Every structure is written in structure tokens, then in C-alpha cells.
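As C-alpha cells, the structure follows; a few thoughts come after it.
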Amino acid sequence: MNQTLRRLREGGGSRASANDDGRNGLMSVNIHEHMQRETSKSKTSKQRRNGNGKRDFLRAGFALISIVVISIFAGYNLNNNMYHKTDRESPGNHHQNLSHKNLKSPPLKKASYGLDLDDNKTKHSVDNKKQEQVRQCAFRTYPPHRYYYSDPTHKLPGFLADSTYIRGIAPTILDADPAKKICIDQPWEKERFDGRLPFSDGFNPSLLAVHAPHPMIDLYGKEAARSMMFLAFLRFSGSSCSYRDDNEMKEKFNISSHSFPGVRNVITILDSNFEWVDQSPILVELDADFGIDGGEQGWWGGTLTKMERLSYEGKYKFAHVARFLEDIKAFVHQGEVWISYLGQDYGYNGNLVLNKVHFDVAPWDRSRIFIYIKASEAIVICCGRNVAFFSDVDDKLKGVSWVDPLTVQVIEPGTRLASKNENSSEIHGTSDKMVHLPSSSELLGIAHFHRPKHRQGSFCWEDEEQESCNYAQFGHHYTHVLYTISDKAPHFLRRVSNEFMLPLHDTEKKNNAHIIQYASGLSIIGNTLVISYGINDCEPAIIQLPVAKLETLLLDDLPRGTEVRDLMYNLEPN
């Protein structure tokens, strides 16, 4: 058992942290088996005593103490790390109780980390009229170089002024409702709270509107069945909340002084008003081998073998483990929730993996959600990312693998995504899915540019001096476009908007934007278009605008056969 605990505790860098949220299911199984073994050993020892009572007494006592200590450790980790729905530090550094009412579930256990909360104030609820407001998540502010117009006169740096833009028109700020931040509980940050903001609040959320599956109805009450809920798949990894900021700048903007806490995935469940209801890691059920030869080795990754282990009173036959699934995009196909992701167990060499998502009530705590994928259902396609998925009229799964030239492919096991065309523009697919516009027989997507076009590599070392590296480690100065394609094959580009940036939450800076904006999710709910996006690889947010505005944003139909590269022109001189 000591070796098992040591394997769980050890591990290099990101992998160890990623397991903080999800390995507890596996841990609890190991501990349960250990308790049975130790108890059996203790009984056998007593039966076979040969007169050395003192030695047997010490052995039995040691076994009993080990069981108690390990049980406490397991309970602490299970309650604190995996789901931890208790008091949370807000970006404003205030403490506020989560208030959720669950008509069917017992109250949650008291908060850990020394916080003693009233159980009556920590119950589930999706009824906003009856629940107290979940803590307000304040947007961050950043140093000047993290905004698109860092110069007060809006003078553009050379690499922007010399770039080409759709129709030769400079990007504008999208006219939308004020942005709303997606709230996240970060128990891993509580252990090292120093009065500053967390290292990251998560970013690039893939937002999926769903009618609550039965486990959610059981957990959150009948109101969940009558209203729309949202799943936000968030990424916690190396963030850009701070970039080349000295200690004085970090103190001024309340930037974390801590190092990267490790990679993890969090699925946040939101109600119809985008308020926090619940959250969970996403685990992998090892009902088959998971990964491929050539996957990252050691604690960071590697092929995992099928692992049978009866758990939770025999409900599950196989072990569940946490793995870092990067760049998750969520979509619905044939009535089921699916995700695509890049995986540490698939080598980071371009393999894109698809899995159906399963929901259950957590067997170790009937008030918690349990979300997992099955290794046996993994579908691997090669090679790419940023695919926008949709189901065609024949219910086949398809994906837009490239916006320029428009490339739509059937997605099935063994699919090889098309390579980039050397004559294409620098437009990149962004959204997790294509959204159907039945009134015009179109599919709507969102894509982005980041500039400069010919950046020297996709990564900046800390001391690299090229101009582009003064802004961000990766891509920056993002702009977005909305586009539509025909909803039936043969698919072709129908309409394309001019480039725009997503507005700041600060109305006093309404003519500016963050330099890193990644619109990762797109949904239409009734008459509202919802865009979920990441800010500076640091924060998750959503904006909303009326669907009717699409008619003013999406310009007239393009001549058939037109590609985005045909629309790119230099800006006209002022």
C-alpha cells in the first residue's frame, strides 16, 4: 500500500497535478482493498499467535493506525480535491458561501482547508429565485501590452499595419451584451492562497447547451429538466495571465506570484443564466487499453493498459483514472455528448481523439456528479486540431478541418485530416461545432486570425527579442470572423463577416480588446447567439447577442467557389 500511495503522490510536473482532481476514485478502491487485506491479516495474526503477544499486539496496532490514517487521507483527498463544492476565493479575494439547494440530495460535507461552513448554505440548486447568488467572478485587468491598442492613439505596430484583412477593412469591436465570466472553484489554489489572484482561472471554454440527462435531474431537482443547462469544458495548463511582467507589475495587477500548479481539465455545469451549479474532472474508464505506442512516457503519459478493478460496491468493473485531455471541444452527435481532444497518451503528434461522454451520480457521494469517458470508445483520427463538427442530413459525423480552402470531411475511425494548403490565408478554425441555421439552409461557424502572419516559430523563449515576442509566448492580436457554409453536400462557403474583436467587460475601454481572444464555443439558444471564449489564456467568458444581428454581420452570398484568400486585402491608408 505504501508503494501505491507513493506512486500516487509522486510524479513529474504536470501529470502529478492533473491527477489531483481525478485519481481519488482509483485511490479509494486501493484503500478499500488495503483495509480488507489488513483486517484479514490482523485476524490471521491473532489466530496464529505463538506466545509473542507483545509483537502481535504492536503489529495489530500498527495495522489499525495505518488503516485509520489512510482512511482519513483518502477522505480528505476525495472531498477536497475531486469535487470540493465549498467556499471559494473570488478574484476580489473575498470569501462567500456557495448556496445550492438540492431537493433530493443530502447536504454536502463541511468545507475543508479549515473553513467551517453552514451545511444549509452549501446545498445544490438551479432555482435562481430561491438560491443566493454564487460568488461574483470579477474580470481581471492587465498591463497595457496585453491589449490590442496598447498605444492611446490606436497606432498599430508595423506587423498589424502591414497585414492583409478580409475585404481590406480594419477589425471592429463586436456589438454584444456585456461579457460574463464563467465561475470556477479552484481548491488546488486554496492551499497556497497568498492574497493574489489564482495562477489561472481556466481558459478556452467549449460551451455546450444540453437538456439535463437523468443524473443531473436526480442531483439538481426537477427544475433542471425544465430548463437548459450548459457544460463548459475548461482547460487549466500553462497560462498567459502574466507574460514578461516584472515583480512590480505583478504586484500592481495582483498577478499570482506562484508557479504553474499543473495541468487539469474541469467540466463546469452552468444553469440557464450561466451561473455555477457544479463541476467535475473528467476521468477515463480503463475498460480497454488507452493510448498508442509513441505516447508520452512516465508520469506525463504513456499507453495505459486495461485495468479491471471492482469498485464502489461492484458498480464499476474497471478503474477510473485522470488524464490530461488538452484542447477539449464538445459537440452533440446522434443525441449524445461527445468531445474531441489531444491526449498525452496519444503522443501530441497531431492525433485527434474523439469520445462519447458518460454521466452518472458519484457512487461515493450521491450529491455529486461523476463524468467519464471509456477507453474502449476512443476514436483516433490523424492529424490536426480545431475541427468544427456537425451531423449531416444522413446523421453522419462531419468536420470542417480547414476554412481556407473550405475542407469538409466525414469523420470516422482512421480518418486522416487534410493538410494545410500552401496557398491558403492564415485563417484558422476555432469553434467546437457548426450551428445549423435552418431558415437559410446554412451552417454557422467562427474562425480566427492571429498576427503577424510570418511569426518566427509558434513559441517564444523567455529571452527572445523578435517584436512579436514582446506581446505573448504564442499567437496574439486575435481577430474573429463568422462564416457560413451550405448545410448539404457539396459544401461551399456561403457568407463571411468582416473581422471583429470581442468586447471588453469594461465599458470605459469599449474601443479596445485583449490581444489573446480564442472563441472556442458557439451555440444558438432560442434567439440568442452565445460565444464562449478564452481571454489571454487566463480567463473563461461568454458573450451573447441577438441572432437577428447575424444578418448585418454576415454579408451577401459569395459567388460559388470563393475562398477566404480571395477576400484578403491590405488596409487602405488613412
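The values are calculated or read from the model by the stated rules, or taken from the named source; none is laboratory data. Predicted model only: the values in this text are computed from it and were never measured. Backbone-built Cβ (ideal geometry, glycine too); neighbour counts: all protein chains shown. Heavy atoms of the whole protein, side chains included, go into the accessibility calculation; ligands, DNA and RNA do not. Shrake-Rupley method; radii C 1.70, N 1.55, O 1.52, S 1.80 Å.
Restricting attention to the range 470-499, the residues that are among the hydrophobic types (A, V, I, L, M, F, W, C), surrounded by 21 or more Cβ atoms within 10 Å (Cβ to Cβ) and either more than 26 Å from the chain's Cα centre (by Cα) or within 30 Å of LEU397 (Cα to Cα) (or both) total 5.
Report yes if some residue within the range 440-449 is open to solvent by 20 Å² or more (accessible area, probe 1.4 Å), in contact with a Gly (Cβ under 9 Å, 6 or more places away or on another chain) and more than 21 Å from LEU207 (Cα to Cα); otherwise report no.
Within the range 440-449, none of the residues are open to solvent by 20 Å² or more (accessible area, probe 1.4 Å), in contact with a Gly (Cβ under 9 Å, 6 or more places away or on another chain) and more than 21 Å from LEU207 (Cα to Cα).
Within the range 227-236, is even one residue of a type in the set (S, T, N, Q) and open to solvent by less than 10 Å² (accessible area, probe 1.4 Å)? Within the range 227-236 (the criterion being of a type in the set (S, T, N, Q) and open to solvent by less than 10 Å² (accessible area, probe 1.4 Å)), the answer is no, since none of the residues qualifies. The set of residues in the range 487-517 that are among the polar types (S, T, N, Q) and touching a strand residue (DSSP E or B) at 6+ places or on another chain (Cβ under 6 Å) comprises SER497, ASN498, ASN512, GLN517. Residue count for the range 530-574 under the criterion of being under 30 Å from ILE269 (Cβ atoms) and without any contact (Cβ under 8 Å) to a residue 40 or more places away in the chain: the result is 3.
Looking across VAL481, VAL496, VAL530, one residue alone is hydrophobic (A, V, I, L, M, F, W, C) and in contact with a Phe, Trp or Tyr (Cβ under 6 Å, 6 or more places away or on another chain). It is VAL496.
Evaluated against (1) open to solvent by 20 Å² or more (accessible area, probe 1.4 Å); (2) modelled with pLDDT of 90 or more, LEU283 falls short on exactly one condition, (1). For the range 540-557, does any single residue satisfy the condition of being open to solvent by 60 Å² or more (accessible area, probe 1.4 Å) and among the polar types (S, T, N, Q)? Yes, the range 540-557 has at least one match. Answer with yes or no whether GLU223 is surrounded by 15 or more Cβ atoms within 10 Å (Cβ to Cβ) and out of contact with any strand residue (DSSP E or B) (no Cβ under 8 Å at 6 or more places or on another chain). Spelling it out, GLU223 is indeed surrounded by 15 or more Cβ atoms within 10 Å (Cβ to Cβ) and out of contact with any strand residue (DSSP E or B) (no Cβ under 8 Å at 6 or more places or on another chain).
Scanning the range 191-227 for residues that are of a type in the set (A, V, I, L, M, F, W, C) and out of contact with any His (no Cβ under 7 Å at 6 or more places or on another chain) yields PHE193, LEU197, PHE203, LEU207, LEU208, ALA209, VAL210, ALA212, MET216, ILE217, ALA224, ALA225. Only one entry of ASN386, ASN355 meets the criterion of being of a type in the set (S, T, N, Q) and touching a helix residue (DSSP H, G or I) at 6+ places or on another chain (Cβ under 8 Å), and that entry is ASN355.
Could you tell me which of the residues ALA388, ALA362 is on the phi < 0 side of the Ramachandran plot, at pLDDT 95 or above and open to solvent by less than 30 Å² (accessible area, probe 1.4 Å)?
Exactly one residue qualifies, and that residue is ALA388.
Could you list, in sequence order, the residues of the range 427-463 that are part of a strand (DSSP E or B) and at pLDDT below 90? The answer is GLY429, and nothing else.
Residues that are open to solvent by 40 Å² or more (accessible area, probe 1.4 Å) and in contact (Cβ under 8 Å) with a residue 12 or more places away in the chain were ranked within the range 420-437; the one that is farthest from the chain's Cα centre (by Cα) is ASN423.
For every residue, the table says whether it meets (1) at pLDDT below 90; (2) under 24 Å from the mean Cα position of the chain (by Cα).
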site	(1), (2)
ALA224	yes, yes
MET228	yes, yes
LEU231	no, yes
GLY238	yes, yes
GLU251	no, no
SER256	yes, yes
PHE260	yes, yes
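Scanning the range 367-426 for residues that are assigned to a strand (DSSP E or B) and β-branched (Val, Ile, Thr) gives ILE369, ILE371, ILE373, ILE379, VAL380, ILE381, VAL400, VAL403, THR407, VAL408, VAL410.
Residues in the range 399-417 that are without any contact (Cβ under 8 Å) to a residue 24 or more places away in the chain and either under 19 Å from THR562 (Cβ atoms) or within 23 Å of the chain's Cα centre (by Cα) (or both): GLY399, THR407.
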